[in-house]
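The values are calculated or read from the model by the stated rules, or taken from the named source; none is laboratory data. Because the structure is a prediction, the values reported are computed rather than measured. Virtual Cβ from ideal backbone geometry, glycine too; neighbours counted across all protein chains shown.
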């Protein structure tokens, strides 16, 4: 069942810039430029792209606080902008850099308020709160005012607040931003639980690709308001023409190695770096090098997903 | 058009049993479908929600004890300064504006006790909304399924309830101990006074809400707020009772909404308004409260449409 559906969704903004003393120039900016995709119930999708790619604009349209300029948009059977209040009961939203919690009051008070806002039946409220408290280790924090929580604790508190009303969809906007390694791991573990056990559909934007590697079966890369990649994380390597690196240590410093199927990208004394296509085997290259050069040691480095995506962003910018 | 939306919504109705319930703002979501009994239940739930919001606001303000005590002391100090000033003034001009000197001093202490409760200087939810515009958190308020105006009105009523107690009792007691005041013996007068204070808070909220909403266009309502502070100080009767303003200025001050903030509640407590005049005073407050809330609602509609259609 398709839970989130976008058909040729566009959103442009008019920006006025000063041009001369009184004259102002109008300029159209296409933040989202023809998005078409669907997300099925139960999926966990990573939504990534460089700053200004249109990620936040998409999330704003999906929550109904921004109307698309054109195109069709449905979330859980609802047109978000037209029925924002009804949609709000079916979605949960967490912004890593904002909080929905009541700043000066104990965490518990924010949850009690959520119970009233979303009219969560008592039994369900208690069960959901207990589950969140256990999984997110919030037990000792419920009576602490939110302003006294650390960033990691507050983030966990926000996650619980977004899930008390059993939303079908959870939007996460950089949920691990600014967190330390331990807190990040805990948040990811919780999200995996929510996605697999509860079957909650998750749409996640992040700049931390480890979030994606550990949580998302599907990645969408957008840039300049368009989807430039939609598929599995592994497929991203192929699409990004990623390269592996062969690092060789020779007996002594010398000129750059010349070998078929690879090119030298860096030389540092006796050590040289050779790049070759990720899908090619390293064996023939190693054999050729060992045959003609005094080889002491070698290692093969897998491409980092960061580099793949960085290259993808750069290509879109040029094209 | 509508039917397609309804049809699409129906597919998810099995998953979400609460479909068709009235929204917390009292407006039914699946208009014209549910029976009156369910509407009543919805209203009760909405009432409980707003009560919870107001209680939360009350508790929030009560967490800052030192600030509250400091504020109440400030009100008391100003009460002394102004009370002596008024005594000197009334010695020179006895019966000025129809107040005798005891009434004039009582006026000072009551107005100091009400100053923060009815937020003559602005503030309360306004500070928070302004901050939310600055940080962009205002987006959160828009996707929450609670009416924006109702949410902030509830928080402001909770705040006012706290301030009436925390910022009103100390100045009133200090004034009563140090000066001879005229306070009513009839509990009914006190009850009507409290009602007038409630209406004053709503009128004040209506004004401040409109100022806050300018943030949707101006990004920062600080400038307008500064102007409003001066206007409110003058026309609420906070500096001088409105009755002392000469000629047309007095007439104007009597019909502007700020008269509802300080002048009317204080005159009711001083029993300068009694019988039918109490009713016209409350009626005046109610009229402005309704007008300002309606204007706020219209402005909110425009503001959200602007944000939703043009982008924030």
Practice problem: List every residue pair whose Cβ atoms lie under 6 Å apart, where the two residues are 6 or more positions apart in sequence or sit on different chains, the first residue falls within the stretch A:81-95 and is under 15 Å from residue A:115 (Cα atoms), and the second residue, located anywhere, is part of a helix (DSSP H, G or I). | Solution: A:88/B:143; A:92/A:162; A:92/A:163
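Restricting to the stretch A:33-51, and then to whatever is in contact with a strand residue (DSSP E or B) (Cβ under 8 Å, 6 or more places away or on another chain) and in a loop (DSSP other than H, G, I, E, B), can you tell me which residue is nearest to the other protein chains (Cβ to nearest Cβ)?
A:41
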Practice problem: Could you tell me which of the residues A:248, A:194, A:182, A:259 is surrounded by 14 or more Cβ atoms within 10 Å (Cβ to Cβ) and either part of a helix (DSSP H, G or I) or assigned by TED's automatic domain parsing to the domain that holds residue A:102 (or both)? | Solution: A:194
Quiz item: All but one of (1) part of a helix (DSSP H, G or I); (2) more than 14 Å from every other protein chain (Cβ to nearest Cβ); (3) surrounded by fewer than 22 Cβ atoms within 10 Å (Cβ to Cβ) hold for residue B:207; which doesn't?
Solution: (3)
Practice problem: Kindly list the number of the only condition in (1) closer than 28 Å to residue A:188 by Cβ; (2) facing chain B (nearest Cβ under 7 Å); (3) assigned to a loop (DSSP other than H, G, I, E, B) that fails for residue A:80. | Solution: (2)
Quiz prompt | Check on residue A:14, over 24 Å from residue A:232 (Cβ atoms), within 14 Å of another protein chain (Cβ to nearest Cβ) and exposed (fewer than 14 other Cβ atoms within 10 Å of the Cβ) | solution = yes
Self-check item: Yes/no for residue A:150 being assigned by TED's automatic domain parsing to the domain that holds residue A:196, in contact with a strand residue (DSSP E or B) (Cβ under 6 Å, 6 or more places away or on another chain) and more than 21 Å from residue A:42 (Cα to Cα)
Solution: no
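So is residue B:260 away from every other protein chain (no Cβ under 14 Å) and within 22 Å of the chain's Cα centre (by Cα) or not?
Working: away from every other protein chain (no Cβ under 14 Å): yes; within 22 Å of the chain's Cα centre (by Cα): yes.
When the stated conditions are applied, residue B:260 passes them.
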Quiz prompt | Among residues of the stretch B:214-239, those that are without any contact (Cβ under 8 Å) to a residue 60 or more places away in the chain, crowded, with 17+ Cβ neighbours inside 10 Å and in a loop (DSSP other than H, G, I, E, B), counted | solution = 1
Exercise. Tell me which residues, restricted to the stretch A:270-281, are assigned to a loop (DSSP other than H, G, I, E, B) and modelled with pLDDT under 90.
Key: A:278, A:279, A:280, A:281
Quiz item: Does the stretch A:20-30 include one or more residues that are outside any strand (DSSP E or B), within 30 Å of residue B:154 (Cα to Cα) and without any contact (Cβ under 8 Å) to a residue 60 or more places away in the chain?
Solution: no
Quiz item: Can you find a residue in the stretch B:91-102 that is without any contact (Cβ under 8 Å) to a residue 60 or more places away in the chain and within 14 Å of another protein chain (Cβ to nearest Cβ)?
Solution: no
Quiz item: Is the stretch B:164-176 home to any residue that is within 15 Å of the chain's Cα centre (by Cα), within 25 Å of residue B:213 (Cα to Cα) and more than 14 Å from every other protein chain (Cβ to nearest Cβ)?
Solution: no
Exercise. Pick out the one residue from A:193, A:189 that is more than 13 Å from residue A:101 (Cα to Cα), more than 14 Å from chain B (Cβ to nearest Cβ) and more than 17 Å from the chain's Cα centre (by Cα).
Key: A:193
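Consider the stretch B:140-154. How many of its residues are out of contact with any helix residue (DSSP H, G or I) (no Cβ under 7 Å at 6 or more places or on another chain) and either in a helix (DSSP H, G or I) or more than 10 Å from every other protein chain (Cβ to nearest Cβ) (or both)?
Step one: list which residues in the stretch B:140-154 are out of contact with any helix residue (DSSP H, G or I) (no Cβ under 7 Å at 6 or more places or on another chain), which gives B:140, B:147.
Then keep just the ones that are either in a helix (DSSP H, G or I) or more than 10 Å from every other protein chain (Cβ to nearest Cβ) (or both); that gives B:140.
Of the residues in that region, 1 qualify.
Matching residues to (1) touching a residue at least 60 places away in the same chain (Cβ under 8 Å); (2) within 14 Å of the chain's Cα centre (by Cα); (3) farther than 23 Å from residue A:9 by Cβ:
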residue	(1), (2), (3)
A:215	yes, yes, yes
A:225	yes, no, no
A:228	yes, no, no
A:233	yes, yes, yes
A:257	no, no, yes
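Please work out if residue A:3 is within 20 Å of residue A:223 (Cβ to Cβ) and at pLDDT 90 or above.
Numbers: within 20 Å of residue A:223 (Cβ to Cβ): no; at pLDDT 90 or above: yes.
Answer is no for this residue.
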Practice problem: Inspect all residues belonging to the stretch A:91-109 and state whether any of them is part of a helix (DSSP H, G or I), surrounded by fewer than 24 Cβ atoms within 10 Å (Cβ to Cβ) and modelled with pLDDT of 90 or more. | Solution: yes
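Is it the case, given these coordinates, that residue A:86 is closer than 21 Å to residue A:204 by Cα, outside any strand (DSSP E or B) and in the same structural domain as residue A:120 (by TED's automatic domain parsing)?
Working: closer than 21 Å to residue A:204 by Cα: no; outside any strand (DSSP E or B): yes; in the same structural domain as residue A:120 (by TED's automatic domain parsing): yes.
No: the conditions fail for residue A:86.
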Quiz item: Does any residue of the stretch B:37-46 turn out to be away from chain A (no Cβ under 11 Å), surrounded by fewer than 13 Cβ atoms within 10 Å (Cβ to Cβ) and modelled with pLDDT under 80?
Solution: yes
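Here is a yes/no grid of residues against (1) touching a strand residue (DSSP E or B) at 6+ places or on another chain (Cβ under 9 Å); (2) modelled with pLDDT of 95 or more:
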residue: B:110; (1), (2): no, yes
residue: B:128; (1), (2): no, no
residue: B:131; (1), (2): no, no
residue: B:135; (1), (2): no, no
residue: B:140; (1), (2): yes, no
residue: B:145; (1), (2): no, no
residue: B:155; (1), (2): no, yes
